[in-house]
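Below is one structure, written out as structure tokens; the observations come after it.
The values are calculated or read from the model by the stated rules, or taken from the named source; none is laboratory data. Predicted, not measured: the structure shown is a model, and the values here were computed from it. Cβ: placed from backbone, ideal geometry, glycine included. Neighbour counts: every protein chain shown. Protein only, heavy atoms only, side chains kept; ligands, DNA and RNA dropped before computing areas. Shrake-Rupley method; radii C 1.70, N 1.55, O 1.52, S 1.80 Å.
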Amino acid sequence: MLKKLVTLIFIVVGASLGIFAIPELIRLFNLNVPEILKNAYVDGAIGIIVFFILFYWLIDRVVNLIIKGEKSLLNINFMELIFATLGMILGLMIASMISLIFNFMGFTLLKNTVPVILAVVLGYLGFQVGLKKRDEIQSFLPERFQSSSSKKRVLDNTKLLDTSAIIDGRILSIVECGFLDGTIIVPQGVLDELQLIADSTDGMKRDKGQRGLDILSQLQNTGHPIKIVPGNKNIKEVDQLLVAMAKESKSSVITTDFNLNKVCQVQGIKVLNVNDLSEAIKPVVAQGDKFMLNVTKAGKEENQGVGYLEDGTMVVVENGKHLINKQVNVEVQSVLQTASGRIIFTKKVND
């Protein structure tokens, strides 16, 4: 049934192009043609034949595209569909106003094709804007007109993403590995702070901000559900905004900020600290364990060599200064826990 409908549309389009285009082309190039070609029915038939010769192969693709579009629409909730429709209506209104300009032009083909193209393009853009900017549009409405879900903005099992965790970058690998479930929420305040850092005159800050924006873009490309929401416009400080949104929506906060971590714990908010996760999954080594190590530099003490595990843990090799830039088999002698992390003391053993 759908294929028949698409075929009918192709017939109408072909006939319309024939009726409008053939007389225009004859007039434009001052062609001497038989009288029969000046008949609208003949022009329409020629238009259908030419259009089908050129574009018949597109019918199946258009049908498949419509089926995919139908499935996407069925997955959209009713409120999103309403806002998307309003956006499309606004786009069509803008297209109609622009089309009025072309009505004053004498070129018939231009008058009849450009408005159609504008209607399709602006209608589509309006639909997408209305669909994806629903929360932002609702935020401009008086609070009494906002739905309860819009006020909360986030649902259960969601995570609020802090600026520090985005800049840190490890959140990208965590998401790609599938260790996080639920929707990740990025408040507009966090995005604004990232942009402010990226525009900083300080080169180091600017690099961090640009890295954060790149990480956020890559997060959106992972396919994991990620939403950017307006947040509370009355709260300017990002940490306060995250705490307020987390308390209101019962969400967790993903961060690497020590102070925000403590504030959330005091407020009874669940915190997912990337540093704690990294510490928890560090390889556990014990006295007597053996592993291969790349000695990269000399240590502070005499004849010491130093290398690092993949997670950044420092490994000191006894009498290993002459082993720099070599892969050696080492055995753990002891492990020292310091305020800055662990230090593993080893000695070289025979392979």
Taking a straight Cα-to-Cα line shorter than 30 Å from Lys347, and setting aside same-chain lysines fewer than 8 residues away, one finds Lys282, Lys290, Lys297, Lys300, Lys321, Lys326
Looks like region 158-280, by Cα gyration tensor root eigenvalues a ≥ b ≥ c and the a/c under 1.5 rounded cutoff (else prolate when a/b is bigger than b/c, oblate otherwise), is rounded
Here the percent of antiparallel bridges among DSSP beta bridges lying wholly in the chain, to the nearest 5, is 55 percent
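Counting only protein heavy atoms, what percent of the accessible surface of region 199-351 is carbon or sulfur at a 1.4 Å probe?
Working: 4490 of 9470 Å².
So the carbon and sulfur contribution to the accessible surface is 47 percent.
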Rounded to the nearest 10 Å², the accessible area of Val120 using a 1.4 Å probe with every protein chain kept is 100 Å²
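What do you get for Rg/Rh of the chain when both radii come from the Cα atoms and Rh is the Kirkwood radius? Present the calculation step by step, with values, prior to reporting the outcome.
On the way: Rg = 31.9 Å, Rh = 26.6 Å.
Taking Rh as the inverse mean 1/r over Cα pairs, Rg/Rh reads 1.20.
All other residues with a Cβ under 14 Å from the Cβ of Leu213 taken together, and with Lys, Arg as +1 and Asp, Glu as -1, what is their net charge?
-2
Ignoring ligands, DNA and RNA, what percent of the accessible area of region 1-125 is carbon or sulfur (1.4 Å)? Intermediate results must be reported in sequence, preceding the final value.
On the way: 6820 of 8990 Å².
Looking at region 1-125 in its full context, I get 76 percent from C and S.
Semi-axes of the equivalent ellipsoid for region 230-336, please: Cα gyration tensor eigenvalues, times 5, square-rooted, ordered largest first, whole Å.
Numbers: eigenvalues 392, 40, 22 Å².
For region 230-336, the semi-axes come out at 44, 14, 11 Å.
Provide the per residue accessible area, probe 1.4 Å, for the chain, rounded to a whole number of square angstrom. Numbers along the way, then the final one.
Values: 22170 Å² over 351 residues.
I get 63 Å² per residue for the chain.
Considering only Cα-Cα distances, which of the following residue pairs are longer than 23 Å: Lys159/Lys236; Lys159/Lys247; Lys71/Lys159? Mind showing how you got there, number by number?
Details: Lys159/Lys236 20 Å; Lys159/Lys247 12 Å; Lys71/Lys159 28 Å.
Flagged as over cut-off: Lys71/Lys159.
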In nm, the gap between the two label points placed 7 Å beyond Cα toward Cβ at Ile66 and Asn30 is 4.5 nm
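Can you give the helix-only mean residue ellipticity at 222 nm for the chain, where every DSSP H stretch with n ≥ 4 adds -39500 (n - 2.57) and the sum goes over all residues, rounded to the nearest 500 deg cm²/dmol? Show your work: numbers first, answer last.
Working: 14 runs with 192 residues, N = 351.
After summing the helix terms and dividing by the residues of the chain, the value is -17500 deg cm²/dmol.
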Between the modelled labels at Leu125 and Asn319 (7 Å from Cα along Cα→Cβ) the distance in nm is 7.4 nm
Out of Gly123, Gly14, Gly299, a Gaussian network model of the chain with alpha-carbon springs under 10 Å gives the largest mean-square fluctuation to Gly299
Distribution output for region 1-139: share of Cα-Cα pairs per 10 Å bin in percent, first bin at 0, values 11, 27, 32, 21, 8, 2, 0
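When you have a sec, figure out the Kirkwood radius of region 285-348 from all distinct Cα pair distances and drop it here in Å to one decimal?
Working: mean 1/r = 0.0882 Å⁻¹.
When all Cα pairs of region 285-348 are included, the Kirkwood radius is 11.3 Å.
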